[in-house]
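Asker: What follows is a structure written as structure tokens; I'll ask about it next.
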Amino acid sequence: MDGIHDMGGQDGWGTVTIEPDEQVFASEWEGRAFAMGAMSMGLSGTNLDAFRHALERLHPLDYLGDGYYGRWLASAELLLVDSGVIPEGAVDARAQNMLGNEVLEPVEPSGAKPEYERNGNGSLRAIDAVHRFAVGDRVRAKDLHRRGHHRMPAYVRGHVGTVTATRPAAVLPDSTAHFIREDAQHVYTVAFASTDLWGSDAESSTLNIDLFESYMEAVS
Amino acid sequence: MTAQPHSGGRASAPIRTEALEALLTEKGLVNAGALDGLINRFVNDVGPMNGARVVARAWVDADFRERLLDDGTAAVGEFGFSGPQGEHIVVVPNDDKQHNVVVCTLCSCYPWPLLGLPPDWYKDPAYRSRIVREPRLVLSEMGLDLEDDINITVWDSSAENR
């Protein structure tokens, strides 16, 4: 989906701030949100791609509002509600009760854990399919506009680059995030010239990005 | 999967965190010790010191450096560094002609086993948005001024390679 998460090339975010004495977690709640976020995938019977998609599904104001671990907390809640581990509204109701506002807590979850087959742990898979592309090939990043989860930033779509490496095959996030099936595909690193992406006045640099085979088409 | 409405008016993130932990604890799905264990691992045991050990070894051991550049996953595995967000490690060298810089524009993917959890600047929308478009300027603002004749390659880690 095209959303707030796809930040590459956006203007208006200002300068990068470096905190010299940064702690891993700035506040205690961030550590606990991280830990529950990490565990939420297993508890909800989902996966890493579904978790990333949950981040993207948050309203843009919620995506930004409580920072990185605020996103993790909200995404953990979303997956746990989707999968019927906790009822919708349960976190809000419990939070209100903790604040001393007596409210009824929902008890019946409505969701259900997804049913789908995984063929291994993690995301990498060994596959027999022949590589459609080779190092040195000129390829175009397809101009896809998928409404669900995918991993191709808008800023490369439609542009032509050069394959510079083949990487291990991996499950296609577009499929696993939606519990359809494991569509393991070859993955390639593709190099783009900055001037092709950002115009002739752009800073000179090379952009390398990893693309799944179905994101790419040959350029004759 | 449906997009979510804006959750205006909700309790603060710290309270909602406490609420979620209470709900999951009551169901027997998490316990404080398990959460503490995961938190402690990333606060105390895993962090940039892991990656620093790998780089220092490459400085003094030419054979290791070659293995590291040839198969990063196996080479860092010699240190026992593996696990989530480290399934496939690619190592690229900087020299006086080439500088590499890594970003995840779509979320904030990071090589956890080697560097721990990402620092704030790596997750900062300013970094995620700008480093792919004007890396020389952003690096300069961050305190690294590169000579004009050094090529910059930006790696957007959009799949599972780190």
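The values are calculated or read from the model by the stated rules, or taken from the named source; none is laboratory data. Quick caveat, the model's predicted, so the values are computed rather than measured. Ideal geometry is used to build each Cβ from the backbone, glycine not excepted, and the neighbour counts take in all protein chains shown. The protein model used for the area step is the full one, side chains on, heavy atoms only, and it has no ligands, DNA or RNA in it. Shrake-Rupley method; radii C 1.70, N 1.55, O 1.52, S 1.80 Å.
Asker: Within the stretch A:103-126, track down each residue that is surrounded by fewer than 12 Cβ atoms within 10 Å (Cβ to Cβ) and either out of contact with any helix residue (DSSP H, G or I) (no Cβ under 8 Å at 6 or more places or on another chain) or closer than 28 Å to residue A:159 by Cα (or both). Can you show your working first?
Answerer: Quick first cut of the stretch A:103-126, residues surrounded by fewer than 12 Cβ atoms within 10 Å (Cβ to Cβ) only: A:104, A:107-108, A:110, A:112, A:115, A:117, A:119-121, A:126.
Listed by number, the residues that qualify are A:107, A:108, A:110, A:112, A:115, A:117, A:119, A:120, A:121, A:126.
Asker: For the stretch A:40-51, which positions are at the interface with chain B (Cβ under 7 Å from one of its Cβ atoms) and buried (at least 23 other Cβ atoms within 10 Å of the Cβ)? Lay out the reasoning, then the answer.
Answerer: Filtering the stretch A:40-51 for residues at the interface with chain B (Cβ under 7 Å from one of its Cβ atoms) gives A:43.
Residues satisfying the conditions do not exist here.
Asker: Under 29 Å from residue B:26 (Cβ atoms), surrounded by fewer than 18 Cβ atoms within 10 Å (Cβ to Cβ) and either more than 8 Å from chain B (Cβ to nearest Cβ) or hydroxyl-bearing (Ser, Thr, Tyr) (or both), is that true of residue A:37?
Answerer: Values: under 29 Å from residue B:26 (Cβ atoms): yes; surrounded by fewer than 18 Cβ atoms within 10 Å (Cβ to Cβ): no; either more than 8 Å from chain B (Cβ to nearest Cβ) or hydroxyl-bearing (Ser, Thr, Tyr) (or both): yes.
Criteria not met by residue A:37.
Asker: Next up: Is at least one residue of the stretch A:75-84 in contact with a Gly (Cβ under 9 Å, 6 or more places away or on another chain), open to solvent by 10 Å² or more (accessible area, probe 1.4 Å), over 17 Å from residue A:176 (Cα atoms) and in a helix (DSSP H, G or I)?
Answerer: Yes - at least one qualifying residue is present in the stretch A:75-84.
Asker: Further, regarding this structure: May I ask you to list the residues in the stretch A:1-31 that are under 20 Å from the mean Cα position of the chain (by Cα) and more than 7 Å from chain B (Cβ to nearest Cβ)?
Answerer: A:1, A:2, A:3, A:4, A:30, listed by residue number.
Asker: Turning to a different aspect of this structure: Only one of these is surrounded by 14 or more Cβ atoms within 10 Å (Cβ to Cβ) and within 7 Å of chain A (Cβ to nearest Cβ): B:81, B:64, B:42. Name it.
Answerer: On the way: B:81 fails: within 7 Å of chain A (Cβ to nearest Cβ); B:64 fails: within 7 Å of chain A (Cβ to nearest Cβ).
Checking each option against the conditions leaves just B:42.
Asker: Quick check on the stretch A:177-220: of everything there that is among the small types (Gly, Ala, Ser) and touching a strand residue (DSSP E or B) at 6+ places or on another chain (Cβ under 7 Å), which residue is nearest to the other protein chains (Cβ to nearest Cβ)? Walk me through how you get there before you give the answer.
Answerer: Residues of the stretch A:177-220 among the small types (Gly, Ala, Ser): A:177, A:184, A:191, A:193-194, A:199-200, A:202, A:204-205, A:214, A:218, A:220.
When the remaining residues are screened for being touching a strand residue (DSSP E or B) at 6+ places or on another chain (Cβ under 7 Å), the result is A:184, A:191, A:193-194, A:205, A:214, A:218.
Details: A:184: 11, A:191: 8, A:193: 11, A:194: 8, A:205: 4, A:214: 12, A:218: 20 Å.
Ranking the qualifying residues of the stretch A:177-220, first place goes to A:205.
Asker: Six or more apart or on different chains, Cβ under 6 Å: which pairs go from a residue in the stretch A:52-67 that's facing another protein chain (nearest Cβ under 7 Å) to one that's of a type in the set (D, E, K, R) and crowded, with 17+ Cβ neighbours inside 10 Å? Could you list them?
Answerer: A:55/A:71
Asker: Quick one: which of A:70, A:89 is small (Gly, Ala, Ser), out of contact with any Lys or Arg (no Cβ under 8 Å at 6 or more places or on another chain) and closer than 21 Å to residue B:123 by Cα? Lay out the reasoning, then the answer.
Answerer: Working: A:89 fails: closer than 21 Å to residue B:123 by Cα.
From the options A:70, A:89, the qualifying one is A:70.
Asker: I've got another one for you. Name the residues in the stretch B:3-36 that are open to solvent by 50 Å² or more (accessible area, probe 1.4 Å), polar (S, T, N, Q) and at the interface with chain A (Cβ under 7 Å from one of its Cβ atoms), would you?
Answerer: The answer is B:4, and nothing else.
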